[in-house]
Amino acid sequence: MRNMNRATLSKKPAEIAGMFDDVARNYDLTNTILTGGLVHGWRKITTEALNITPQMRVLDLAAGTGTSAVEYYRAGAQVVATDFSSGMIAQGKKRYPFLTFEQADATNLPYADNYFDAVTISYGLRNIAAQSKALQEMWRVTKPGGTLLVCEFSKPVNRAFGQLYRWFLQHGMPVISHVFSSDAPAYDYLAESILDWPDQVTLAGNIAKAGWVEVEYKNLTNGLVALHRARKPL
């Protein structure tokens, strides 16, 4: 058995991929428990924000086991679920054998220019070291007028709630992940990466710098998560 190692905020690709390989087996269960089931509501809102039309081509990056991609598929989209972790993809193929899974690096996507109607990434941009390059790659493969959706943990807008949330990340998450996760140390990194992540306005600015326009965001659960949406210019 391979040693279980946590990644660091340097976000070296091999470390990130290895970490997600380790947590793949219980990843979805652990996320459901850690979020108190809120992740299912966030996923529904993200799907609705895509405004899916029949045969719409959607690229879901950092797709993990396909929990978001399957919702897009059921809404009528043609979905490619892409992830850097072979372990996550293996789990996804077992659960959703009808989905298309591909292993790829978000900073060097193996897709043609202007191919997808929409690109989505949920809780994954935070784990990419070269985030600006990834956003530019998403821009490249999206059709003019197409949509970008980034759903990511963010900064709570209520100070008291934010302090409670910080306490949970530092003290509650390690306890829960030790019980339910197949690699508890990985969640130390996940907590650190959430705390280190920029606020909603900063992320919106980073998305705009990559060439996207009409950048907007919506706070979910008091800013615990923020859904950013943007367009590629025509």
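Couple of notes before you dig in:
- Think of it as helices only: each DSSP H run of n ≥ 4 in the chain is worth -39500 (n - 2.57), and spread over all residues that comes to -12000 deg cm²/dmol at 222 nm.
- Pairs exceeding 18 Å between alpha-carbon atoms, taken from Lys133/Lys232; Lys12/Lys133; Lys133/Lys209; Lys155/Lys218; Lys11/Lys218; Lys44/Lys218: Lys11/Lys218.
- The relative contact order of the chain comes to 21 percent, based on Cα pairs under 8 Å that sit 6 or more residues apart.
- The chain: most fluctuating residue of Ser68, Ser132, Ser154 per GNM, C-alpha cutoff 10 Å: Ser132
- Residue order by solvent-accessible surface for Thr47, Thr30 is Thr47, Thr30, largest first, with ligands and nucleic acids left out and a 1.4 Å probe.
- Fluctuation leader among Ile89, Ile45, Ile16 - the chain, Gaussian network, Cα springs under 10 angstrom: Ile45
- Residue with peak Gaussian network fluctuation, the chain [Cα springs, cutoff 10 Å], from Leu61, Leu135, Leu224: Leu224
- Largest-first principal axis extents, alpha carbons of segment 1-140, Å: 44, 32, 25
- Between Glu15 and Gln103, residue separation times 0.36 nm minus the direct Cα-Cα distance comes to 30.1 nm.
- Cα shape, segment 61-218, gyration tensor, a/c 1.5 rule: oblate
- Centre separation in Å (Cα based) which lies between segment 83-136 and segment 5-31: 15 Å
- For segment 44-120, chymotrypsin sites (Phe, Trp or Tyr not before Pro) meeting the loop criterion (DSSP other than H, G, I, E, B) and having at most 11 other Cβ atoms within 10 Å: Phe98.
- Label-point separation, Trp167 to Ala208 (7 Å along Cα→Cβ), nm: 3.6 nm
- Antiparallel DSSP beta bridges within the chain, percent to nearest 5: 45 percent
- Segment 88-135: C-alpha gyration tensor shape, a/c 1.5 cut-off, then a/b vs b/c: oblate
- Taking every protein chain into account, the 1.4 Å probe leaves Asp188 with about 60 Å² of accessible area, to the nearest ten.
The values are calculated or read from the model by the stated rules, or taken from the named source; none is laboratory data. In this text, all values refer to a predicted model and were calculated from it rather than measured experimentally. Note that each Cβ is placed from the backbone with ideal geometry, even for glycine, and that neighbours are counted across all protein chains shown. These accessible areas exclude ligands, DNA and RNA; they are computed on the full protein's heavy atoms, side chains included. Shrake-Rupley method; radii C 1.70, N 1.55, O 1.52, S 1.80 Å.
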